[in-house]
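Novice: First, the structure itself, so that you have it in front of you.
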There are 2 protein chains.
Amino acid sequence: MNKVIETILAHKSIRKFKNKPLSEETITTLVECAQSASTSSYQQVCTIIGVEDQGKKLKLAELAGNQSYVADNGYFFVFCMDYNRHTIAANIMDKNINDTIQSTEAFIVGTVDASLAAQNMAIAAESLGLGIVYIGGIRNNLKEVSELLYCPEYVLPLFGMAIGYPDAEPGKKPRLPLPAVFHKNGYKKKEETENLLKQYEKETSEYYTKRTGGKRTEGWVTQITASMASPKRTYMKEFVREKGLNKT
Amino acid sequence: MNKVIETILAHKSIRKFKNKPLSEETITTLVECAQSASTSSYQQVCTIIGVEDQGKKLKLAELAGNQSYVADNGYFFVFCMDYNRHTIAANIMDKNINDTIQSTEAFIVGTVDASLAAQNMAIAAESLGLGIVYIGGIRNNLKEVSELLYCPEYVLPLFGMAIGYPDAEPGKKPRLPLPAVFHKNGYKKKEETENLLKQYEKETSEYYTKRTGGKRTEGWVTQITASMASPKRTYMKEFVREKGLNKT
């Protein structure tokens with residue numbers, strides 16, 4: 001166990017921040033950390049938009065499903081998959097690389113690149129005593145978010161990250177049992193996973209029962225099945241296509 | 001600057017490892033670190049397959065484009081997007097959530113979840129003095145990789161990660177200028193990016209010229225335009241569909 005691993009294992013999403021902005025120096029350090037992550041074939045498909053304008057933050061908070069901590073935090077970042085930069089590069093060389101950009105493969109690469117960068121920033125922020133929370137909620141209204149941030153074709157905002165000085169001390173929800181998530185040499189048999197999930201249902205049910213004084217008793221299996229009952233953000237396929245991505 | 005940020009900023013991909021396996025304790029710590037990452041709506045869409053069987057590692061190395069370090073390392077992990085687990089959960093509850101799983105939105109969530117977990121593992125490994133390299137090359141032949149690792153429907157291997165004791169000291173390639181990657185309040189105008197890319201072309205050209213003694217002089221703009229000239233892994237859309245993912 002060292003300081004880095006301690007930081008990683010101590011992660012909890014923070015949804016309430018003190019009214020204290022991040023310094024410019026901290027913001028730069030965080031972006032540099034994000035940039036240091038691995039990137040597929042040196043493509044560097046991630047762009048980060050820092051949202052400082054309070055009007056825009058309030059609008060984003062509303063678009064993300066009225067999450068107040070999108071507006072009230074130390075800083076707000078939006079992580080984008082960005083192939084617009086590559087079209088500009090190709091244009092300098094008088095070439096066209098759109099066939100590559102619009103592929104499913106490129107869509108995977110871009111999503112991975114942006115996520116690796118984001119997680120570097122998350123860990124760096126937490127190491128500075130800051131709290132973070134990912135905001136997938138910006139995908140509730142991605143067209144509006146994209147317009148608000150002037151994102152051109154081939155630039156897809158994927159998620160936000162609110163960072164700030166923590167003003168809450170949330171509990172840590174139990175993760176899936178390690179053997180459910182870590183398989184050796186090949187994917188486990190269905191029966192093994194089924195047994196692990198039943199055990200996890202019990203464990204998480206006990207956790208929620210205790211935490212809510214019995215008001216909420218559903219475990220992970222029950223919760224997830226309910227929350228995934230109907231598809232979310234069903235406009236996504238079409239919107240992503242309009243951005244010129246994930247087409248072929 | 002602290003130990004965590006130092007570790008993050010010092011990242012360089014390592015492609016040559018000493019012949020020394022990771023201990024079981026280290027492997028467990030790394031997986032726990034991966035599990036600690038944020039996960040969208042508590043869905044935990046990532047499964048990690050540890051490949052220990054040397055025959056399978058050799059086969060993977062071949063499938064990934066004859067990358068020897070896929071077989072020769074301290075340990076090899078494959079990160080998968082995994083919604084099979086959720087179908088088992090739904091099945092326990094006698095429900096069907098396939099409409100949710102096959103959506104583009106779920107495809108984004110799964111790719112992000114697996115990537116955040118992976119980057120936690122990368123940082124944790126590097127903090128222990130280990131080196132890492134992401135292996136996107138497993139996507140060269142994903143059908144064969146998927147079969148080799150017994151991945152059922154809704155389980156998509158995304159990338160591998162080779163970890164081990166470094167036996168090389170590679171240089172650090174210059175990243176894009178920070179202003180090209182970090183925009184404030186909205187995406188930058190094309191002209192600004194164009195200028196930054198021209199500056200970066202010069203910087204990276206100088207870097208390669210120096211590093212190769214003049215054998216290689218192309219900068220990032222030239223390199224990227226050439227490497228993205230024609231689409232890669234064009235089977236991906238169809239294969240991902242067959243897995244039941246990214247359909248609607």
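Novice: Test each condition in (1) in contact (Cβ under 8 Å) with a residue 24 or more places away in the chain; (2) within 19 Å of B:VAL181 (Cβ to Cβ); (3) open to solvent by 30 Å² or more (accessible area, probe 1.4 Å); (4) not aromatic (Phe, Trp, Tyr) for A:ASP82 and report the one that comes out false.
Specialist: The number of the failed condition is (3).
Novice: Considering only residues of the range A:15-50 that are among the small types (Gly, Ala, Ser) and within 11 Å of chain B (Cβ to nearest Cβ), which is most open to solvent (accessible area, probe 1.4 Å)? Outline the logic, then answer.
Specialist: From the range A:15-50, those among the small types (Gly, Ala, Ser) are A:23, A:34, A:36-38, A:40-41, A:50; that's our starting set.
If we keep only those that are within 11 Å of chain B (Cβ to nearest Cβ) as well, we get A:34, A:36-38, A:40-41, A:50.
Working: A:ALA34: 4, A:SER36: 9, A:ALA37: 4, A:SER38: 14, A:SER40: 35, A:SER41: 87, A:GLY50: 0 Å².
Only one residue tops the list, namely A:SER41.
Novice: Turning to a different aspect of this structure: If you check A:VAL112 against the conditions, is it open to solvent by 10 Å² or more (accessible area, probe 1.4 Å), of a type in the set (A, V, I, L, M, F, W, C), modelled with pLDDT of 95 or more and closer than 29 Å to B:GLY160 by Cβ?
Specialist: Numbers: open to solvent by 10 Å² or more (accessible area, probe 1.4 Å): yes; of a type in the set (A, V, I, L, M, F, W, C): yes; modelled with pLDDT of 95 or more: yes; closer than 29 Å to B:GLY160 by Cβ: yes.
Considered against the rule, which asks whether it is open to solvent by 10 Å² or more (accessible area, probe 1.4 Å), of a type in the set (A, V, I, L, M, F, W, C), modelled with pLDDT of 95 or more and closer than 29 Å to B:GLY160 by Cβ, A:VAL112 comes out as yes.
Novice: Next question, about the same structure. Go through (1) in contact with a Phe, Trp or Tyr (Cβ under 6 Å, 6 or more places away or on another chain); (2) farther than 26 Å from B:LEU30 by Cα; (3) touching a residue at least 40 places away in the same chain (Cβ under 8 Å); (4) not hydrophobic (A, V, I, L, M, F, W, C) for B:GLY164 and report which single condition fails.
Specialist: Single failed check for B:GLY164: (2).
Novice: So which residues in the range A:183-219 are facing another protein chain (nearest Cβ under 7 Å) and among the hydrophobic types (A, V, I, L, M, F, W, C), if there are any at all?
Specialist: Correct list: A:LEU197 only.
Novice: Please state which one of B:LYS184, B:LYS232, B:LYS243, B:LYS237 is touching a strand residue (DSSP E or B) at 6+ places or on another chain (Cβ under 7 Å) and under 30 Å from B:CYS151 (Cβ atoms). Give the derivation first.
Specialist: Values: B:LYS184 fails: under 30 Å from B:CYS151 (Cβ atoms); B:LYS232 fails: touching a strand residue (DSSP E or B) at 6+ places or on another chain (Cβ under 7 Å); B:LYS237 fails: touching a strand residue (DSSP E or B) at 6+ places or on another chain (Cβ under 7 Å).
None of the other options fit; the residue is B:LYS243.
Novice: Where the second residue is polar (S, T, N, Q) and the first is in a helix (DSSP H, G or I) and lies in the range B:27-41, which pairs have Cβ atoms under 6 Å and are six or more apart or on separate chains?
Specialist: Final answer for the pair search is B:CYS33/B:ASN120; B:ALA34/B:ASN120.
Novice: Looking at the range A:102-117 only, could you name the residues that are among the small types (Gly, Ala, Ser), within 22 Å of A:ILE135 (Cβ to Cβ) and more than 7 Å from chain B (Cβ to nearest Cβ)? Break it down into steps so the answer makes sense when it comes.
Specialist: Restricting attention to the range A:102-117, the residues satisfying the condition of being among the small types (Gly, Ala, Ser) are A:103, A:106, A:110, A:114-115, A:117.
From what is left, the residues that are within 22 Å of A:ILE135 (Cβ to Cβ) are A:110, A:114-115, A:117.
Within the range A:102-117, A:GLY110, A:ALA114, A:ALA117 meet the criteria.
Novice: Let me ask you something else. For the range A:51-63, give me the residue count where each residue is facing chain B (nearest Cβ under 7 Å) and open to solvent by 10 Å² or more (accessible area, probe 1.4 Å). It would help to see each step written out before you state the result.
Specialist: The first filter runs over the range A:51-63 and keeps only residues facing chain B (nearest Cβ under 7 Å), leaving A:51-53, A:56.
Still in the running and open to solvent by 10 Å² or more (accessible area, probe 1.4 Å): A:52-53, A:56.
The qualifying residues number 3.
Let's see how each residue does on (1) open to solvent by 10 Å² or more (accessible area, probe 1.4 Å); (2) touching a strand residue (DSSP E or B) at 6+ places or on another chain (Cβ under 8 Å); (3) within 11 Å of chain A (Cβ to nearest Cβ):
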| residue | (1), (2), (3) |
| --- | --- |
| B:ALA125 | no, yes, yes |
| B:ILE135 | no, yes, yes |
| B:ILE138 | no, yes, no |
| B:LEU148 | yes, no, yes |
| B:PRO157 | no, yes, yes |
| B:MET161 | no, yes, yes |
| B:PRO170 | yes, no, no |
| B:PRO177 | yes, no, yes |
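Novice: Right, another one. Given the residues A:ASN73, A:ASN66, A:ASN120, which is the only one that is assigned to a loop (DSSP other than H, G, I, E, B), under 19 Å from the mean Cα position of the chain (by Cα) and buried (at least 24 other Cβ atoms within 10 Å of the Cβ)?
Specialist: Numbers: A:ASN66 fails: buried (at least 24 other Cβ atoms within 10 Å of the Cβ); A:ASN120 fails: assigned to a loop (DSSP other than H, G, I, E, B).
A:ASN73 is the lone residue from the list that is assigned to a loop (DSSP other than H, G, I, E, B), under 19 Å from the mean Cα position of the chain (by Cα) and buried (at least 24 other Cβ atoms within 10 Å of the Cβ).
Novice: I want to confirm something. Restricting to the range B:85-99 and keeping residues that are facing chain A (nearest Cβ under 7 Å) and touching a residue at least 12 places away in the same chain (Cβ under 8 Å), which single residue is surrounded by the fewest Cβ atoms within 10 Å (Cβ to Cβ)?
Specialist: Out of the qualifying residues, it is B:ASP99.
Novice: Of (1) of a type in the set (Val, Ile, Thr); (2) out of contact with any Cys (no Cβ under 9 Å at 6 or more places or on another chain); (3) in contact (Cβ under 8 Å) with a residue 24 or more places away in the chain, A:THR47 satisfies all except one. Which?
Specialist: Here A:THR47 clears every test but (2).
Novice: Please state which one of A:SER103, A:SER68 is over 22 Å from B:GLU191 (Cα atoms), in contact (Cβ under 8 Å) with a residue 60 or more places away in the chain and in contact with a helix residue (DSSP H, G or I) (Cβ under 8 Å, 6 or more places away or on another chain).
Specialist: On the way: A:SER68 fails: in contact (Cβ under 8 Å) with a residue 60 or more places away in the chain.
The match here is A:SER103.
Novice: Can you say whether A:PRO152 is in contact with a helix residue (DSSP H, G or I) (Cβ under 9 Å, 6 or more places away or on another chain), surrounded by fewer than 24 Cβ atoms within 10 Å (Cβ to Cβ) and under 24 Å from B:LEU30 (Cβ atoms), as far as the supplied structure shows? Walk me through how you get there before you give the answer.
Specialist: Working: in contact with a helix residue (DSSP H, G or I) (Cβ under 9 Å, 6 or more places away or on another chain): yes; surrounded by fewer than 24 Cβ atoms within 10 Å (Cβ to Cβ): yes; under 24 Å from B:LEU30 (Cβ atoms): no.
In short, no.
The values are calculated or read from the model by the stated rules, or taken from the named source; none is laboratory data. Here the structure is a predicted model, which means the values were calculated and not measured. So basically every Cβ, Gly included, is an ideal-geometry build from the backbone, and we count neighbours across all protein chains shown. Surface areas here come from the heavy atoms of the whole protein model, side chains and all, with no ligands, DNA or RNA. Shrake-Rupley method; radii C 1.70, N 1.55, O 1.52, S 1.80 Å.
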